[in-house]
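Trainee: Please find one structure pasted underneath; my questions will follow.
The values are calculated or read from the model by the stated rules, or taken from the named source; none is laboratory data. It should be emphasised that the depicted structure is a prediction, and the values quoted were computed from it without experimental measurement. Ideal geometry is used to build each Cβ from the backbone, glycine not excepted, and the neighbour counts take in all protein chains shown.
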Amino acid sequence: MKIELPNEEFRFVTEDSKLCDAQTAFVLTPQNEKYLQNAKDNGAHSVIDIKSVSKLFGVDRIKIVGITGTNGKTTTASAIYSFLLDLGYKAAMQGTRGFFMNDEMVEGKTLTTPSVLNTYKHIYQAVEAGCEFFIMEVSSHAIAQKRVEGLNFELKILTNITQDHLDYHKTIGEYIATKNSFFQDESKKLINKDEPRASFNFKNTFTYGIENPATYRLIAYSLNNATSGIIQHFKDVVPFTAALHGFFNLYNLMAAISAVHLITGKKLEEVAEVVDNFAGVSGRMEQVSETPNVIVDFAHTPDGMQQALNALKEKELLIVFGAGGDRDKSKRALMGRVAASLAKRVYITSDNPRHEDPEMIIADILSGIEDKTNVQVEPNRREAIKMALIDQKDDEVVVILGKGDEAYQIIYDEELPFDDREVVRELLKNITK
């Protein structure tokens, strides 16, 4: 990718040494430094380090909010973005769902945190569009690979730390350390006080929580029908209501409300007033059908599954799920255990197998389930969903986990069209009971 920058001695910048020429400067990052000689051989106009180039993109002219954590990044980022727009601010958001500016999608889905230069390009676009805030999800991969270099964050947020990405980080200790490394500087931070694995520099730190004393504490809540709560911030005691469901979403809402209060200086009451306008994120606890009741969620970690299923613990659940191939194998048995402990029936299927044999992935999941009486295996995801829908009775809820609003299934290197929600709607037309 080349990015054109007007009014500079070079015309373009790039991270790709193959694209360098007399008009194009090579932006040196920790990922591409081994290609430096190749950039020079291709006649690069010049070589710029990543921190120097940040100023060319107006990075210091916008307030950047970075959110990291195993679960909740997308919902928290989306809630902050929604609240800011409703409060009259211009804002941009970059993350799993794509790149948005001022309530319009600019780019579709990409990496949770793109390359540094891609992020700078988005910031540049946001500044040009008059945005005051840039909200971004920050993945553990991005932290480890220094893909957030040169960014001065107005606020850094930690949602939680549970097991994920051990295919990359190798150990849970390394994963925890990577997440926490984001919070060791003296910039403004907002930390989930109920997360025991959190470690951070106390300077400029604010906290939110439900179980422990915090700067922003939820002192009462109700999960009947919709969600409501009361936040205490020193002497301020402020109620809010929300359309989101599930105890875990209370944390996402608390993080978003607290963040917007911190970065805007608005009264807490003003922030709380716009909370109810946020309808949630597509593919996150999304009710695809009311009768029969079918819910699709992105949960793909043991903790994410437990949180999603606990939100429905009053119901009898039929759970359809698998696990991604070429990813952390150690979480598969744990996911199986969680599903079997909380479901009336479990349908184990394929997720995004990538280069792995779906049968082997399923075997890993099954290893975590002692009593397999109520477990059925069907590697074909469409067929597994169909089985659950046919078996569903009365007030039972079918919960389809793992892919959320993904519109494809990855088999080898191919992205084949497959959207859990569309499959459900299609199947329900032909299922008669």
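Trainee: Go through region 224-243 and give me each residue that's part of a loop (DSSP other than H, G, I, E, B) and among the charged types (D, E, K, R).
Mentor: Lys235
Trainee: If we scan region 23-38, do we find a residue that is touching a Ser or Thr at 6+ places or on another chain (Cβ under 6 Å) and under 15 Å from Thr119 (Cβ atoms)?
Mentor: no
Trainee: Just wondering, is there one or more residues in region 285-299 that are charged (D, E, K, R), surrounded by fewer than 24 Cβ atoms within 10 Å (Cβ to Cβ), part of a loop (DSSP other than H, G, I, E, B) and modelled with pLDDT of 95 or more?
Mentor: No, because not a single residue in region 285-299 is charged (D, E, K, R), surrounded by fewer than 24 Cβ atoms within 10 Å (Cβ to Cβ), part of a loop (DSSP other than H, G, I, E, B) and modelled with pLDDT of 95 or more.
Trainee: Does His169 meet the test of being farther than 28 Å from Phe247 by Cα, modelled with pLDDT under 90 and surrounded by 15 or more Cβ atoms within 10 Å (Cβ to Cβ)?
Mentor: Taking the combined requirement at face value, the residue satisfies it.
Trainee: A further question follows. Are any residues in region 114-132 among the small types (Gly, Ala, Ser) and assigned to a loop (DSSP other than H, G, I, E, B), and if so, which ones?
Mentor: Of everything in region 114-132, those that are among the small types (Gly, Ala, Ser) and assigned to a loop (DSSP other than H, G, I, E, B) turn out to be Ser115, Ala129, Gly130.
Trainee: Looking only at region 220-249, count every residue that is out of contact with any Asp or Glu (no Cβ under 9 Å at 6 or more places or on another chain), of a type in the set (A, V, I, L, M), surrounded by fewer than 19 Cβ atoms within 10 Å (Cβ to Cβ) and within 15 Å of Gly280 (Cβ to Cβ) and tell me the total.
Mentor: 1
Trainee: Determine whether region 411-430 contains at least one residue that is under 22 Å from the mean Cα position of the chain (by Cα) and in contact (Cβ under 8 Å) with a residue 40 or more places away in the chain.
Mentor: Yes, because at least one residue in region 411-430 is under 22 Å from the mean Cα position of the chain (by Cα) and in contact (Cβ under 8 Å) with a residue 40 or more places away in the chain.
Residue by residue, here is whether (1) in contact with a strand residue (DSSP E or B) (Cβ under 8 Å, 6 or more places away or on another chain); (2) over 26 Å from Glu137 (Cα atoms) holds:
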residue: Pro30; (1), (2): no, no
residue: Lys40; (1), (2): yes, yes
residue: Ala44; (1), (2): yes, yes
residue: Leu56; (1), (2): yes, no
residue: Gly69; (1), (2): yes, no
residue: Tyr81; (1), (2): yes, no
residue: Ala92; (1), (2): yes, no
residue: Thr96; (1), (2): yes, no
residue: Val106; (1), (2): yes, no
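Trainee: Determine which single condition Asn204 fails, assuming it passes every other condition in (1) surrounded by 20 or more Cβ atoms within 10 Å (Cβ to Cβ); (2) modelled with pLDDT of 95 or more.
Mentor: (1)
Trainee: Follow-up question, since we're still on this one. Look through Ile176, Ile135, Ile143 and report the one residue that is outside the structural domain of Gly304 (by TED's automatic domain parsing), at negative phi and either at pLDDT 95 or above or in a loop (DSSP other than H, G, I, E, B) (or both).
Mentor: After ruling out the rest, the residue left standing is Ile135.
Trainee: Counting just the residues of region 70-102 that are touching a residue at least 40 places away in the same chain (Cβ under 8 Å), part of a helix (DSSP H, G or I) and of a type in the set (A, V, I, L, M), which one comes out farthest from Asn252 (Cα to Cα)?
Mentor: Per the criteria, the residue is Leu84.
Trainee: For region 245-274, which positions are within 16 Å of Thr74 (Cα to Cα), in a helix (DSSP H, G or I) and not small (Gly, Ala, Ser)?
Mentor: Phe248, Asn249, Leu250, Tyr251, Asn252, Leu253, Met254, Ile257, Val260 - these are the residues of region 245-274 that are within 16 Å of Thr74 (Cα to Cα), in a helix (DSSP H, G or I) and not small (Gly, Ala, Ser).
Trainee: Could you list, in sequence order, the residues of region 179-223 that are closer than 23 Å to Asn152 by Cβ, assigned to a strand (DSSP E or B) and among the hydrophobic types (A, V, I, L, M, F, W, C)?
Mentor: Once the filter is applied, which keeps residues that are closer than 23 Å to Asn152 by Cβ, assigned to a strand (DSSP E or B) and among the hydrophobic types (A, V, I, L, M, F, W, C), region 179-223 yields Leu190, Ile191, Phe206.
Trainee: Starting from residues that are surrounded by fewer than 13 Cβ atoms within 10 Å (Cβ to Cβ) and acidic (Asp, Glu), keep the ones in region 394-414 and report whichever is farthest from Thr291 (Cα to Cα).
Mentor: My answer is Asp413.
Trainee: Taking Met305 and the conditions (1) surrounded by fewer than 22 Cβ atoms within 10 Å (Cβ to Cβ); (2) in contact with an Asp or Glu (Cβ under 9 Å, 6 or more places away or on another chain); (3) assigned to a helix (DSSP H, G or I), which numbered condition does it fall short on, given that it satisfies the others?
Mentor: (1)
Trainee: Moving on. Taking the residues in region 189-205 that are in contact with a helix residue (DSSP H, G or I) (Cβ under 6 Å, 6 or more places away or on another chain) and of a type outside the set (S, T, N, Q) as candidates, determine which candidate is farthest from Val65 (Cα to Cα).
Mentor: Only one residue tops the list, namely Arg197.
Trainee: Hey, could you check region 260-284 for residues that are of a type in the set (S, T, N, Q) and within 21 Å of the chain's Cα centre (by Cα) and say which is modelled with the lowest pLDDT?
Mentor: So, considering only residues that are of a type in the set (S, T, N, Q) and within 21 Å of the chain's Cα centre (by Cα), the one modelled with the lowest pLDDT is Ser282.
Trainee: Then there is this: Exactly one of these conditions fails for Val47: (1) out of contact with any His (no Cβ under 7 Å at 6 or more places or on another chain); (2) assigned by TED's automatic domain parsing to the domain that holds Thr178; (3) not hydroxyl-bearing (Ser, Thr, Tyr). Give me its number.
Mentor: (2)
Trainee: Do you know which of the residues in region 96-144 that are of a type in the set (Asp, Glu) and within 17 Å of the chain's Cα centre (by Cα) is surrounded by the fewest Cβ atoms within 10 Å (Cβ to Cβ)?
Mentor: Step by step, filter region 96-144, then rank; the result is Glu107.
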